[in-house]
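Here is the structure we will look at.
The values are calculated or read from the model by the stated rules, or taken from the named source; none is laboratory data. All values reported here derive from a predicted model rather than from experimental measurement. Here Cβ is always computed from backbone atoms with ideal geometry, including for glycine, and neighbour counts include all displayed protein chains.
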Amino acid sequence: MKRVPVSVRLAVLGLCVATALVLTGAAARAQDASIDITVQDKQFQPAEVKAPADKRIVIRVINRDANPMEFESHALKVEKVVAGKGEGIVRVGPLKPGRYDFFDDFNKKNKGTLVVE
């Protein structure tokens, strides 16, 4: 029986490790909580959203207005500009239970709250 060269064995091992890491990351992302927040007529809809504690949270901000907006939160330590008629993704957490305020930095009257339970 012919021996497989060390370089080939290492390449196969590297491929196996890379595949395991990708699958582990995909499983972790599947456990993230997902929230959609829409901005329409310069208002967050809904203005209050809920998410589970101790999980990463993926917030999809959908801007239906023509003008850009900036999703910002000092409590969550995030800011994301979302183009008019565009979408943006914000990832936060895991978070402890509590209330986390957010706002549109381009329109300070537009405010909302993430309630983590």
Handout entry: Count of the range 87-114 residues which are under 13 Å from V61 (Cα atoms) and loosely packed, with under 14 Cβ neighbours inside 10 Å
Key = 3
Exercise for the section: From A47, A33, grab the single residue that is among the small types (G, A, S) and surrounded by 13 or more Cβ atoms within 10 Å (Cβ to Cβ). Expected result: A33
Problem - Test for I57: is it modelled with pLDDT of 95 or more, of a type outside the set (F, W, Y) and surrounded by 19 or more Cβ atoms within 10 Å (Cβ to Cβ) - result: yes
Problem - Tabulated pairs, the range 62-74, first not assigned by TED's automatic domain parsing to the domain that holds P46, second among the small types (G, A, S), C-beta under 6 angstrom, 6+ apart or interchain - result: none
